[in-house]
Amino acid sequence: KLQVREFDSEQKLCEIGFPAMESANLLNLDVDTLFEQHSVPEIDVVHKKIQSVVENKREELRLMVGERYRDLLQAADTIVAMKDSSAQLIEQVDSITRNCRKLNEQQLLGFRNSEAEDLLRNRNANKKITNYFSTIVQIKLLTTLPELIWTHIDAEHFYTATELFIFSRHISTGLQLDATNSLMQHLPVAKKQFEILKPFNTTIKQHVLTTLEKEDLNGGVACDCLLSLLLLERNTLNSVLKIFLNLRCAAFLNCLSEDKWSTNDSRRRVKDRILASLRILNSTIELIEKCFLENGLLLQRLHELSDVSAPPTITLIHQSDAQFSYLLPEIISNFRPKTETQALDDKQVRDALEQWLVDTRRIAGTQLKQLFDYVSTMSTIKELKAEANNQRKGLNFGQIVKRLQLSQTLDFYELKYVPLINQRIHDIIHDSWAKAMQKTFESLEQALTDVNANSFNIWLESVQDLPPSLEVALSDDLKLKKLLMKTKGYDNETITLCAELDRQLESIVSEMNVLLEEQGTRAEDKLALIVFLRETAEAQLTHFLSRAKSLHLLQSQRYELLVVARCCSALVELCPNLKVCFCQRGSWRQWVGNVAANSVEHWNRVCALLEEESFIFWQQIVNGILEENNCEKMLSNVITNDNILEEFAVSVHTYI
């Protein structure tokens, strides 16, 4: 209503030509001027406007009082509380004033009685006050140190954490040995802090040992850990060196046996674990050179910490926590840990390093060998050798070997890894050959099981005998020339058996190419690899023929004997990669040298062996035919291929 009334008043003012006015302007009107310039109706309108403004302000005041009533009551309670606090403060100030006056009177009485007694009394009082505040500050430091120690442990500042722990132990020991300090009996928090700080000895040591077992360990962190071990248990440099080498040996073992406790998701590739183990061995020697030898990082830090100008431990505490350090006794404020600074001689380092080499050799002989057994391809070995050679580029441990007069080299890659790599290569070649020959023998056994008379009708003409394209006709692969295969008497089973064997041998040869093309392999290693391939091929073929003989086929089993005889002949003709294993490719001959002539000789010997075994099976067939027809007397004493071709070919075809 007030708003409507106000609006009507403003509208009337505008209608009579009176300018629109705010409530502030209405309060500042000059009454005399108003009556001089305006008529009575206009003044009446202004009067109504002023009344409406007054009513509006009253309504606003009522609303404000209603809304702020609770705040006003709360403020009143606060004022009453402030009044009570002020009264108590005034009483306490009066009490302090009275006590000061009383103390002043006692001082005056003391002066009147005796100056010596008063001086002694003042000294005792000052001493008690000093001891009181000193004890309080020490307890305050003890409550601050746990959090500060944990901060440095998390940041891997282990020596700083150890120094603070030694400092806390120094303070705790001082407080516990102060039998005259009655204040300690009334402050149980001090004893509680003693118990809180005790486990830090074990905690810091565990973190230090765990850090020294890490695969990737830099010189700064290692030096910090070694200083911590020196300080924690007052170890000598020689014992710290042995601890360090034992931990690096444990890191080497953990890296190799990672699968025993890791999950499938966290397991690394075998190649990565092998390279990581090599990196551990190399980094260990680097850390020994950086830290333990003369003018190493560890000795430099020890000299800095034992120097007279080295800052005390109290400076490691935050300024806000050490602002009352002037109240501490000098034995605490000037505390600085002491450590041994005598350098190691070469004999101590040599003995410890020789023992570590023995331990790593023992681990490599078992765990590393087992890990290499999981490497299954030559490409993985090639990658492993390339990355291992990259790791060796920046290493030069010859000076350490010469200085320490070690009995063996520190080139771990050549010493431990290259022999295992070569052995694994030989194992892969041998296993691949054994697998190929086993599958070939199983196929031969299956062919002997499925043999029948219809299987040997191979001379019947067929449209499929002709090559389907010019490319097939010009191909060097004899297995594709079916008409030629029929002229040689090779059925489909024999061709399939030889094709499968040749495919597996081709895989072996391609794996060999990967290694022989690798630039980091020495020439003598490549030559040894080629010789091993030839020897393995010869041994596996000999074993295959021995197993074929062990089938003990009878002369009456002519079809089976014929399958085996044809198989022996077909291996030479239909497996070109078999010849590659004996007579090397052109790209291999640069590594072979004078061995090439011997390779041809071995190939000829293998061909002669296969031909001889094939001839023996043919001879069994002929003997069976002659015995069946009572013609043993017609058989020559010495049977050759010419006898078989000229005299028995027609008979064999007839009876088979």
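Each reported figure results from applying straightforward, stated rules to the coordinates on display, with no laboratory input. Quick caveat, the model's predicted, so the values are computed rather than measured. Cβ: placed from backbone, ideal geometry, glycine included. Neighbour counts: every protein chain shown.
Note that segment 271-278 has calculated 3J(HN,Hα) couplings of 4, 5, 5, 5, 5, 5, 5, 5 Hz, one per residue in order, obtained from phi through the Karplus relation 6.51 cos²θ - 1.76 cosθ + 1.60 (θ = phi - 60°); glycine and proline are x. Applying 0.36 nm per residue to the separation of Val31 and Ala75 and subtracting their alpha-carbon distance, the gain on full extension is 11.6 nm.
How much FRET efficiency would the formula 1/(1 + (r/R0)^6) give for Ser333 and Cys100, where r is the Cβ-Cβ distance and R0 is 30 Å, rounded to 0.05?
0.40
Could you tell me the calculated FRET efficiency between Asp272 and Ala343, based on Cβ-Cβ distance and R0 = 51 angstrom, to the nearest 0.05? Let's see the in-between values first.
Numbers: r = 38 Å, r/R0 = 0.74.
Plugging the Cβ-Cβ distance into 1/(1 + (r/R0)^6) gives 0.85.
Applying 0.36 nm per residue to the separation of Asn56 and Ala434 and subtracting their alpha-carbon distance, the gain on full extension is 125.0 nm.
Using a Förster distance of 35 Å, how high is the FRET efficiency between Thr449 and Ala608, based on the Cβ-Cβ distance and rounded to 0.05? Don't skip to the answer; put the middle values down first.
Numbers: r = 30 Å, r/R0 = 0.85.
Computed FRET efficiency for Thr449 and Ala608 comes out at 0.70.
Annotation for Val358 and Val600: the two label points, set 7 Å from Cα along the Cα-Cβ direction, are 5.4 nm apart. Please give the Cα centre distance for segment 500-536 versus segment 348-400, rounded to the nearest Å. Taking the Cα centre of segment 348-400 as reference, the centre of segment 500-536 is 24 Å away. Derived scalar couplings between HN and Hα for segment 193-201 equal 5, 4, 5, 5, 7, 4, x, 5, 4 Hz in order, rounded to whole Hz, by the Karplus curve 6.51 cos²θ - 1.76 cosθ + 1.60 (θ = phi - 60°), x for Gly and Pro.
Given their separation in residues at 0.36 nm each and the Cα-Cα distance between them, Asn422 and Gln88 gain 111.0 nm when the chain is fully extended.
With a cut-off of 11 Å on the backbone N, the residues of segment 411-452 near the modelled label site 7 Å out from Tyr559 along Cα-Cβ are 448-452.
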